[in-house]
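Q: Below is a structure I'd like to ask you about.
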Amino acid sequence: MLTYITKRLLAMIPLLIGISFISFVVIHLAPGKPTDLVTNLNPKVSLEARMNLNKLYGLDKPVTHQFRMWFMRMLKLDFGESFSDGRPVLVKIKERLPITLAINIIAIVLIVIIGVILGVIGCVFQDKFIDKLITILVFIGFAMPSFWLALILMDIFCIKLGWLPVLGISSVDFDNFTPLFKLIDLAKHLVLPIFIYVFGSLVGISRYMRQSMIETLNKPFILTARAKGLSNRTILFKHVLRNSLLPLVTLLGLSLPGLISGSVIIESIFAIPGMGRLFFEAVMARDYPVIMGLLVIGALLTMLGNFLADIAYSVVDPRIRYKKS
Amino acid sequence: MKLGYNFINMRFLLSKISPYVFLIYLSILTTTSTALGSLSQNKDYGDAIVIASSADARTLIPILASDSASSQVCSHIFNGLVKYNKDLELVGDLAERWEISPDKLTITFYLRKDVWWQDGTKFTAKDVEFTFKKLIDPTTLTPYSGDFQMVKDFQIIDDYTIKVTYKEPFAPGLASWGMPIIPKHLLENQDLHKTAFIRNPIGTGPYRFKSWKSQQKIELYYYDKYFEGRPYISRYISRVIPDEDAVYLQLQTKDIDYAALSPIAYNFKTNTNFFQKNFTKFRLPSFSYTYLGYNLKNELFSDKRVRIALDYAIDKQEIINIVFFGLAKPITGPFVVDSWAYNKQIKMRSFDPQKAEQLLKEVGWIDRDGDGILDKDNKRFEFTITTNQGNEQRIRTAEIIQKRLKNIGIKVNIKVLEWSVFILECTEKRNFDTVLLGWSLSLDPDPFDIWHSSKTRQGEFNFIGYSNAEVDKLIIQARQTFDQQERANLYHKIHQIIFDEQPYLFLYTPDSLLIIDKRFQGIEVGPGGIGHNFIKWWVPKHLQRYKEIIQE
């Protein structure tokens, strides 16, 4: 087991180098330079000033040279400074991470809990009215454009009813609140965005769960259990549910990189200063250091997520436990 | 799961990005103020103004700030030597007055002696020199060095007098001193790109910096020793709200006091009783225009009569009515409409497709093969309009032009490119028939960079390849003329020549649309907008919504 883990971990290194090199080259090949937005078509910016800017950012050097420079810094965990405001990339990420992480963790926990419950209901009442109703609802959630739903809910809850604040993550005078009011204020601001995240993402887990349970129900060991005379309840919750949770482990492992990424749409509508907007803004401004920083961290987390899912798999399912050959 | 980076809605977001991606520093005039009329009643201090900004600032060092969000905030914290007043005339700001030498090479600025930096240090000529040196330093990441490169010699006469000598007479140089001045004593030994000052600035302006929460808000509060008196509104809060619809909802909950509106929001969404009761809307001129630029190297457009025919064939008012719901003005030339440089004598060519057809016939464009498209020497009159993605207004304009030209037998294709690709194709490769694009103008009308024939190198702005010896001569002459009336005459001539030659099809200048909460009093509308007397805006005590903050 230990050699397996070490091998897997070591294999990540060349993979990570490969991913960062490809991303680096692709981003630099894409048309446009970080200096474009600042200078292009501004008649007050002379050609000389623009060339000077390119030189100062090191953009006049060959891409391979730029990659080498960037990579050597990255090895020291230094992702460089953002082109757009000169602040270190890691500082910018640190600033945005907590809110995205908080929203995503709350959302994923809710999605898993509600998704599993809906899946179980769907299986128990297979093809009955309630099953169909759930199916329709979760698919509506999936299909509905989140920006539209957001605006409709804002209109109802924030304007017509006035129960919730429209956007942002805190009120203008947040700093003068007591800790308790700060918490209430935050919660009020986050209700709608989290609801929209959850509503839009229920379909995956609930359908997965339902399907997986129905499949498990048809397995021979369930027949055995029935033959033993176990009650329906015990069969469903002890044998079927447990066995059906397996695929969830993979799903959750793969959602690890998703934890640090946010939705550009939801973050923009609710003016949440999260990771999704950071990435979007960086791409639009061709802010290479920030893009690369986010991509490398994303790649790393994806690989780790895969790896953890594999490990977790072997832990929860003895059949696929790693064997010494 | 919808948890990944989501790009589906990129277009939706992009359409909110301003059509004019760049912004010229001087066109933001929000801090400046003029002496108030004698009718100053008892005005109340206090309250806050909450402003919606579609993007966060990047840096609060004004000479590095190239985005409008940063410049906007900086304009409340810093001052330049000169500024534009309500009527768009240059007046003193940190400079009390100035003199121009008889040979027009030297400007002597006499600085105000009653200005203190917000940390209590006296403002002197050394700060101006420091700012100037940083501007021309090649290691400074500033896009504004151009005008200052024209300076031959910068001399400090005494603490409050400076003498700037130019290589040649350079009238736009005066306006360039509207560049905000930064404090030498705080930045002298600092790397401007990394210093903590970027996010904690100290200026001479009416507001001092209080806090900056990235991507959420920037808060300023009044500077009680401001040399023109403390501003009445105590707090200035700029909130980042990227989504336009969300801004509109925030207005309805009265969480925002001041926002820019799209034409559709201005005309329809904000027409309810609620908005009429609580807000005032402003329709102001903007310092930008949109045009169709011909690639003059393309032989389709080499004959001036063809370009004039196209001008007759397009109904500009129709475009304005459809695309802007009427909230724009048609234009005839390359200057800010209604500014002193704009030639108001020029009569716009009226919409007249028959005349257009007749002109094209003169040149030899006739539909000989009967396929509905004009031809000449076995070539069809067909061309492409290239424009940038993310600007719906431009795309719709292109579609209307396409339809109008189809009526007179010209086939138009529309190509929409992502901004960076677009720039590459048009300014560097010159690979276009026509471009639909906009210029944002500074208040100084010098058109050298766009219209002078020397500015046709790769990456420069005369990418249509316009060259007219008379215009070149007039542009240089105007650069050397300080007298506004004389300069105006020269620009009127340039305007006339360019109108006659039609290297661009001049289309429209969109109005700048604002909405402001009704509780703010003292807002004065001038040709330059409403920002010029911001520090005199006030709110009666009983209408104030935000608490006074305690000064430390």
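Q: Using only Cα atoms, find the angle between the long axis of helix B:125-136 and the longest principal axis of chain B, and express it within 0 to 90 degrees, rounded to the nearest 10.
A: 30 degrees
Q: A follow-up question, please. In debye, nearest 20: dipole of the protein assembly as shown around its Cα centre with unit charges on the Cβ of K, R (+) and D, E (-)?
A: Once rounded to the nearest 20, the dipole reads 3380 debye.
Q: About its Cα centre, what dipole magnitude does chain B give when the only charges are +1 on Lys and Arg Cβ and -1 on Asp and Glu Cβ, stated in debye to the nearest 20?
A: Roughly 1100 debye, rounded to the nearest 20.
Q: Near B:LYS355, which lysines are there with a Cα under 21 Å away, not counting those fewer than 8 places off in the same chain?
A: The qualifying lysines are B:LYS304, B:LYS316, B:LYS347, B:LYS376, B:LYS403, B:LYS406, B:LYS411.
Q: Report the semi-axes of the equivalent ellipsoid for the protein assembly as shown in whole Å, largest first, where each axis is √(5λ) for an eigenvalue λ of the Cα gyration tensor.
A: The answer is 52, 35, 29 Å, longest axis first.
Q: Give the lysines reachable from A:LYS132 as a straight Cα distance under 23 Å; neighbours fewer than 8 places away on the same chain don't count.
A: Here the lysines satisfying the reach criterion relative to A:LYS132 are B:LYS2.
Q: Listing B:TRP98, B:TRP451 from the residue with the fewest other Cβ atoms within 10 Å to the one with the most, what is the order? Mind showing how you got there, number by number?
A: Numbers: B:TRP98 18, B:TRP451 25.
In increasing order of surrounding Cβ atoms, one gets B:TRP98, B:TRP451.
Q: If you bin the C-alpha pair distances of the range B:266-336 every 5 Å from 0, what whole percents do you get?
A: 3, 11, 17, 18, 15, 12, 9, 5, 4, 3, 2, 0
Q: How crowded by other chains is A:51-62, given as the mean number of beta carbons from other chains within 10 Å of each beta carbon?
A: 2
Q: Let me ask something else about it. If each residue's Cβ is checked for other Cβ atoms within 10 Å, how do A:VAL198, B:VAL323 rank with the fewest at the top?
A: If I rank by nearby Cβ atoms, fewest first, I get A:VAL198, B:VAL323.
Q: Okay, next question. Taking the DSSP beta bridges in the protein assembly as shown as the whole, what percent of them are antiparallel, to the nearest 5?
A: Of those bridges, close to 80 percent are antiparallel.
Q: Could you tell me how many degrees, from 0 to 90 and to the nearest 10, lie between the Cα long axis of helix B:484-501 and the main elongation axis, the longest principal axis, of the Cα atoms of chain B?
A: Value to nearest ten degrees: 30.
Q: Then there is this: Would you kindly calculate the mean projected area, averaged across all directions, of the convex hull enclosing the Cα atoms of the range B:296-397, in square nanometres?
A: With the hull built on Cα positions only, its mean projection is 8.5 nm².
Q: Can you give the FRET efficiency for B:LYS304 and B:LYS167, using 1/(1 + (r/R0)^6), R0 = 30 Å, r = Cβ-Cβ distance, to the nearest 0.05?
A: E between B:LYS304 and B:LYS167, to the nearest 0.05, is 0.25.
Q: Using only the Cα atoms of the range B:187-315, build the gyration tensor, take square roots of its eigenvalues as a ≥ b ≥ c, and label the shape rounded, prolate or oblate: rounded if a/c is under 1.5, else prolate if a/b is larger than b/c, else oblate.
A: It is oblate, given that a/c is not under 1.5 and a/b is not larger than b/c.
Q: Report the extension gain between B:SER453 and B:LYS210 in nm, rounded to one decimal, defined as 0.36 nm multiplied by the number of residues separating them, less their alpha carbon distance.
A: Going from the current span to full extension adds 82.7 nm.
Q: Further, regarding this structure: How large is the dipole of the range A:167-252 about the Cα centre if only Lys and Arg carry +1 and Asp and Glu carry -1, each at its Cβ, rounded to the nearest 20 debye?
A: Approximately 820 debye in magnitude.
Q: Which ³J(HN,Hα) values in Hz, rounded to whole numbers, follow from the phi angles of the range A:157-163 under the Karplus curve 6.51 cos²θ - 1.76 cosθ + 1.60, where θ = phi - 60° and Gly and Pro get x?
A: 7, 9, 9, 5, 8, x, 7
Q: Ok, one more. What FRET efficiency do you get for B:ASN267 and B:VAL416 if R0 is 25 Å and r is their Cβ-Cβ distance, rounded to the nearest 0.05?
A: Efficiency for this residue pair is about 0.45.
Q: Fewest to most neighbouring Cβ within 10 Å: what's the order for B:ASP87, B:ASP47?
A: Fewest-to-most Cβ neighbours within 10 Å comes out as B:ASP87, B:ASP47.
Q: Here's a follow-up. Only helical DSSP H runs with n ≥ 4 go in: add -39500 (n - 2.57) per run for the protein assembly as shown, normalise by residue count and round the 222 nm mean residue ellipticity to 500 deg cm²/dmol.
A: Values: 31 runs with 364 residues, N = 877.
Dividing the helical sum by the residues of the protein assembly as shown leaves -13000 deg cm²/dmol.
Q: Then there is this: Label points 7 Å out from Cα along the Cβ direction at B:GLN190 and B:PHE154: separation in nm?
A: About 1.8 nm, to one decimal.
Q: Would chain A count as rounded, prolate or oblate if I go by the C-alpha gyration tensor, calling it rounded below 1.5 in a/c and otherwise prolate when a/b exceeds b/c, oblate otherwise?
A: Here chain A falls in the oblate category.
Q: Output the peptides A:147-153, B:187-193 sorted from most to least packed, where packing is the average of other Cβ atoms within 10 Å over each peptide's residues.
A: Going by the mean number of other Cβ atoms within 10 Å, highest first, we get A:147-153, B:187-193.
Q: Another one. Please tell me which of these pairs span more than 25 angstrom C-alpha to C-alpha: A:LYS33/A:LYS92; B:LYS184/B:LYS455; B:LYS344/B:LYS415; B:LYS194/B:LYS225?
A: Working: A:LYS33/A:LYS92 20 Å; B:LYS184/B:LYS455 35 Å; B:LYS344/B:LYS415 34 Å; B:LYS194/B:LYS225 29 Å.
Pairs exceeding 25 Å: B:LYS184/B:LYS455; B:LYS344/B:LYS415; B:LYS194/B:LYS225.
Q: Over the range B:73-118, what is the relative contact order in whole percent, taking alpha-carbon pairs under 8 Å and six or more residues apart?
A: For the range B:73-118, the relative contact order is 26 percent.
Q: So which lysines pass the test for A:LYS160, namely a Cα distance under 25 Å, with those fewer than 8 places away in the same chain ruled out?
A: A:LYS182, A:LYS188, B:LYS254, B:LYS269, B:LYS277, B:LYS281, B:LYS518
Q: Okay, moving on. If you line up the long axis of helix B:68-77 against the longest principal axis of chain B, both from Cα atoms, how many degrees apart are they, to the nearest 10?
A: It works out to around 30 degrees.
Q: With r as the distance between the Cβ atoms of A:GLU95 and A:LEU10 and R0 = 25 Å, compute the FRET efficiency 1/(1 + (r/R0)^6) and round to 0.05.
A: It comes out at approximately 0.15.
Q: I would also like to ask the following. P(r) tail for chain B, what percent of Cα pairs lie past 30 Å?
A: Considering chain B, 54 percent of its Cα-Cα pairs are separated by more than 30 Å.
Q: Average partner chain C-beta neighbours within 10 Å, per residue of A:257-270?
A: Average per residue, whole number: 5.
Q: Where in the range B:127-192 are there trypsin sites (Lys or Arg not before Pro) that are in a DSSP coil and have at most 16 other Cβ atoms within 10 angstrom of their Cβ? Write out the running numbers ahead of the final one.
A: Numbers: sites: B:LYS133, B:LYS134, B:LYS152, B:LYS163, B:LYS167, B:LYS184; in loops: B:LYS167.
Qualifying residues, ordered by number: B:LYS167.
Q: Identify, among B:GLN215, B:ASN189, B:VAL240, the residue whose Cα sits farthest towards the positive end of the charge dipole of the range B:180-270, taking +1 on the Cβ of Lys and Arg and -1 on the Cβ of Asp and Glu, with the dipole about the Cα centre.
A: Toward the positive end, the furthest listed residue is B:ASN189.
Q: Once amide H atoms are built 1.01 Å from N in the peptide plane, which residues 5 or more positions from B:ARG208, or in another chain, come under 5 Å H to H?
A: B:TYR221, B:TYR222, B:TYR223
Q: For chain A, what are the DSSP H helices with axial Cα length of 30 Å or more and mean Kyte-Doolittle hydropathy of at least -0.5?
A: Details: long enough: A:2-29 (41 Å, 1.77); A:89-124 (50 Å, 2.26); A:179-217 (49 Å, 0.91); A:288-316 (41 Å, 1.77).
Sorted by number, the helices that extend far enough and score high enough are A:2-29, A:89-124, A:179-217, A:288-316.
Q: Residues of B:138-150, mean number of Cβ from any other protein chain within 10 Å of their own Cβ, rounded to a whole number? Please report the intermediate quantities before stating the final value.
A: Numbers: counts 6, 3, 4, 9, 5, 11, 5, 7, 9, 2, 0, 3, 0.
Mean shielding by partner chains, rounded to a whole number: 5.
FYI, it's all coordinate maths here, none of it is from the lab. What you are looking at is a predicted structure, and each value in this text was computed from that prediction instead of being measured. When we count neighbours, we look across all protein chains shown, and the Cβ atoms used for this are built from the backbone with ideal geometry, even at glycine.
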